[in-house]
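> Here it is, the structure in full.
The values are calculated or read from the model by the stated rules, or taken from the named source; none is laboratory data. This is a predicted model, so every value here is computed, not measured. Heads up, the Cβs are rebuilt from the backbone with ideal geometry, glycines too, and the neighbour counts pull from every protein chain shown. With ligands, DNA and RNA removed, areas are computed over all heavy atoms of the protein, side chains included. Shrake-Rupley method; radii C 1.70, N 1.55, O 1.52, S 1.80 Å.
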Amino acid sequence: MEKITAMRGPNLRCKGWRQEALLRLLENVLENGENQQELIVYASLGKAARNWPSYYAIVDALKNLEEDETLVIQSGKPIGIFKTHPFAPIVVMANCNIVGKWATSENFYDLQEKGLICWGGLTAGAWQYIGSQGVIQGTYEIFQTIARKYFNGSLKGRFILTAGLGGMGGAQPLAGVMAEAAILVVEVDEERINKRIDHGYLQKKTNSLDEALAWIDAAKEAGESVSVGLLGNASEIYPEILRRGIVPDIVSDQTAAHDLVYGYIPAGFTVEEAKQFRKMNPELLAKKSLESIATEVRAMLEFKNRGSIVFDNGNNIRSQAFQAGVENAFDIDIFTEAFLRPLFARAIGPFRWIALSGNPEDIRTIDQYILENFSHNEIASNWIKLANKYVPFEGLPARIGWFGHGERTELALAVNKMVKEGKLSGPIAFSRDHLDAGAMAHPNIMTERMKDGSDAISDWPLINAMLNCSSMADLVTIHSGGGGYAGYMTSAGVTIVADGTNEADLRLKYTLDNDTGIGVLRYADAGYEEALDEVEKKGIRRINTEDYSK
Ligand code: NAD
């Protein structure tokens, strides 16, 4: 089969740019994905469409969709087209939502096997994935926060140990280098190591722990950054590093530990053997994965005892270890609560824009605009300079930038004006990660240890999605967890296309203001000072029921 890549250039296959944009974004997630043949984009099972007939039916529907119609998608399968109006979303989706009591991994695998459901991941099924770049600033901001909190502001001469070089984990080595550290990433699949080297995200590879540690030591000594991919299994390598008495400064893991069958590879298994066991004996594979994860997490806890800064980077590794009997697994912090919550409370999070023309110059023009007009925003201007220098494009040229309430709208409207005036070679699509202020309830990642105990309430992402529909976004989606995340999360995704029209001005303004607005209110409701401050400063219309109880 021919490899799918996103169409570039000015020609439309659809009846308007909004439909064409979504079609290119669908192609783009496959172009950037980990396993195109199986429509898998990242996180082991996160798919762009349910199956190939669904994919082709979506392509066909988008090509024929009128401006005043809405395509409905259920877990990666197109269901029908409805007459709506030109300001309605052109695509609405619900992916992998299973009623609470039934939302277990076993039921998910069963429904998947029957072809009734698929997991859309967060940005895979919503056609928003932009390669490893999507999480890179998040990982970088975590490292920078750790540097400020524990290492006098710099990771020069510091050693980061982590694992996993998949669709998301692949961002870790580059983020480590950008933070000036020496970073060692353990990965069991040589193909993934090679891919990150080819894409410019990883510098060196070896299958020898001795050699890897020698490179790390040399870089530490010289105060230079380096990224090393070590072919090996994290549940064997972490305990061995411990045994040698080495204490890394920072320890994490971004293997696909959330999925015991399709994600994590247990100690003693090759990638090929794990694939065979998936079919032959998934129960045994899951049991072995659980045991290996427990071993790895015990090592992570011991690193913590010995002084490393250890954190869970959003892969549910602690929940799995806890299930396997590691009672103190949750002594390891989750990155959101430990490092990023003050930003999320102001709705500052992973915003992104994608050049639908395929022209990298469009992204560079926007970079320049940000440097000239957002110099007061230290996070954004520091990031744009670094991204320009270090982050290679994958698929359609794109950029991620952590912007907050009001700033996203300001940037998007300026970009729409540039499209209108012909300063860019084509329209730009805006979206954000589902891991964003109002958009995700996940009691073991995004909303762990919320101040008011509202961790598991999924009203917020549902409200967020409905509000985005009311605000005229182009694509709105509601996802819940699949595979090992079944029952763990609900999230909402959104995409809006800056096609240079006056209508796009309205869509961008309402959607982006309201999307971040509800994010700030979610944190204000939970009592976060930063959010209450943002409400005051930005004039967000919050209703405080306490005013009525006096
Ligand atoms: P992926 O499936 O594309 O890659 C996982 C990688 O881990 C693979 O390359 C695999 O070979 C490797 N691996 C598996 N078991 C291993 C082991 N025992 N030792 C060493 N390597 C091993 O997944 P991904 O998209 O990279 O996501 C990784 C995890 O991060 C997932 O759990 C995902 O849900 C989570 N995630 C976190 C964030 C965030 O914001 N922090 C965002 C997205 C995804």
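> Measure out, as a whole number of angstrom, how far apart the alpha-carbon centroids of segment 1-37 and segment 400-433 sit.
One Cα centre to the other: 20 Å.
> Now a separate question. Quick check: net charge around Asn281, other residues with Cβ under 13 Å of its Cβ, Lys/Arg +1 and Asp/Glu -1?
For residues surrounding Asn281, the net value is +3.
> HN-Hα J couplings of segment 258-273 from phi, Karplus 6.51/-1.76/1.60, θ = phi - 60°, integer Hz, Gly and Pro as x?
Each residue's phi maps through the Karplus curve to give 5, 10, 6, 9, 9, x, 6, 9, x, 4, x, 9, 7, 4, 5, 4 Hz.
> Of Thr255, Ile117, Thr516, which is farthest along the charge dipole of the chain in the positive direction, counting Lys and Arg as +1 and Asp and Glu as -1 at C-beta?
Thr516
> With every protein chain present, what accessible area does Leu467 have (1.4 Å probe, heavy atoms only), rounded to the nearest 10 Å²?
Roll a 1.4 Å probe over it and Leu467 shows about 60 Å².
> While we're looking at this one, here's another question. A 30 angstrom limit on the alpha carbon distance is what I want to check against. Which of Lys220/Lys288; Lys389/Lys420; Lys47/Lys279 exceed it?
Values: Lys220/Lys288 35 Å; Lys389/Lys420 28 Å; Lys47/Lys279 19 Å.
Those over the limit are Lys220/Lys288.
> Okay, moving on. How large is the convex hull of the Cα atoms of segment 263-333 per residue, expressed in Å³ as a whole number? Don't skip to the end; give the middle numbers.
Working: hull volume 6.1 nm³, N = 71.
About 85 Å³ per residue, rounded to a whole number.
> Taking 0.36 nm per residue of sequence separation and subtracting the Cα-Cα distance, how much length would be gained by fully extending the chain between Lys385 and Ser549, in nm to one decimal?
Taking 0.36 nm per residue and subtracting the Cα distance, the gain is 54.1 nm.
> Using a 1.4 Å probe, how large is the accessible area of Lys423, given in Å² and rounded to the nearest 10?
130 Å²
> OK, next. For Lys3, which aspartates and glutamates qualify as cross-link partners when the Cα separation must be under 13 Å and same-chain residues fewer than eight apart are set aside?
Correct list for Lys3: Glu27, Glu31, Glu34, Glu38.
> Which sequence of Tyr262, Tyr485 reflects their accessible areas, 1.4 Å probe, from the largest down?
Tyr262, Tyr485
> Could you please put Phe351, Phe330 in sequence from largest to smallest accessible area, using a 1.4 Å probe?
Phe330, Phe351
> Under the Karplus relation 6.51 cos²θ - 1.76 cosθ + 1.60, θ = phi - 60°, what is the ordered set of whole-Hz ³J(HN,Hα) values for segment 410-417, x standing for Gly and Pro?
Once rounded to whole Hz, the list reads 4, 5, 5, 5, 5, 5, 4, 5.
> Where Lys and Arg each count +1 and Asp and Glu each count -1, what net charge lies around Gln128 among other residues with Cβ under 11 Å from its Cβ?
Values: positive: Arg352, Arg432; negative: Asp433.
The answer is +1.
> Defining a contact as two alpha carbons under 8 Å apart and six or more residues distant in sequence, what relative contact order in percent does the chain show?
15 percent
> Compute the Rg to Rh ratio over segment 333-477 from the alpha carbon atoms, using the Kirkwood formula for Rh, and round to two decimal places. Please report the intermediate quantities before stating the final value.
Working: Rg = 16.4 Å, Rh = 16.5 Å.
When Rh is taken as the Kirkwood radius, the ratio is 0.99.
> Along segment 380-396, what does the Karplus equation 6.51 cos²θ - 1.76 cosθ + 1.60 (θ = phi - 60°) give for ³J(HN,Hα), rounded to whole Hz, x for Gly and Pro?
Values per residue, Gly and Pro as x: 5, 6, 4, 5, 4, 4, 5, 4, 4, 7, 10, 8, x, 7, 10, x, 4 Hz.
> With 5 Å bins from zero, work out the P(r) of segment 136-176 over every alpha carbon pair and list the percent per bin.
Cα pair-distance distribution for segment 136-176, in percent: 6, 25, 30, 24, 11, 4, 0.
> Could you sort Tyr369, Tyr201, Tyr150 by their accessible area in this structure, using a 1.4 Å probe and putting the largest first?
Numbers: Tyr369 60, Tyr201 5, Tyr150 110 Å².
In descending accessible area the options line up as Tyr150, Tyr369, Tyr201.
> Take the alpha-carbon centre of segment 310-348, take the same for segment 144-183, and report the distance between them in whole Å.
17 Å
> Report the gain in length on full extension from Leu506 to Lys287: 0.36 nm times residue separation, minus Cα-Cα distance, nm rounded to one decimal.
Separation in residues times 0.36 nm, less the Cα-Cα distance, equals 73.6 nm.
> Just add up the charged neighbours of Asn388: K/R +1, D/E -1, any other residue whose Cβ is under 13 Å from the Cβ of Asn388.
Once positives and negatives cancel, what remains is +2.
> Could you please state, rounded to a whole Å, how far the C-alpha centre of segment 81-135 is from the C-alpha centre of segment 465-510?
Between the Cα centre of segment 81-135 and that of segment 465-510, the gap is 12 Å.
> Report, to one decimal in Å, the Kirkwood hydrodynamic radius for segment 1-82 based on all distinct Cα pairs. Before the final figure, lay out each step's value.
On the way: mean 1/r = 0.0764 Å⁻¹.
That comes to 13.1 Å for segment 1-82.
> Please label the shape of the chain as rounded, prolate or oblate, based on the square roots a ≥ b ≥ c of the eigenvalues of the alpha-carbon gyration tensor (a/c under 1.5 means rounded; beyond that, a/b larger than b/c means prolate, else oblate).
Note, shape of the chain comes out rounded.
> A further question follows. Can you list residues whose amide H is under 5 Å from Gln254's amide H, if they're 5+ apart or on another chain and H is modeled 1.01 Å from N?
Amide H to amide H, under 5 Å and 5 or more residues apart or across chains, Gln254 pairs with Ala163, Gly164.
> With the radius of gyration and the Kirkwood radius both derived from the Cα set of segment 1-160, what is their ratio Rg to Rh?
On the way: Rg = 19.0 Å, Rh = 17.6 Å.
Rg/Rh: 1.08.
> Here is a further query. Please work out how much accessible surface Val226 shows to a 1.4 Å probe, ignoring ligands, DNA and RNA, in Å² rounded to 10.
My reading of the accessible area for Val226 is about 10 Å².
> Further, regarding this structure: Pull up all non-local amide H partners of Ser227: gap of 5 or more, or a different chain, and H-to-H distance under 5 Å with H placed in the peptide plane.
Those qualifying (amide H under 5 Å, at least 5 residues apart or on another chain) are Ile183, Gln203, Lys204.
> Here's another thing I want to ask about it. Determine the dipole magnitude for the chain: charges of +1 sit on the beta-carbon of Lys and Arg, -1 on that of Asp and Glu, nothing else is charged, the reference point is the Cα centre, and the result goes in debye to the nearest 20.
The calculation lands at about 420 debye.
> Taking the Cα centre as origin and putting +1 on Lys and Arg beta-carbons and -1 on Asp and Glu beta-carbons, what dipole magnitude results for segment 338-485, to the nearest 20 debye?
Roughly 200 debye for segment 338-485.
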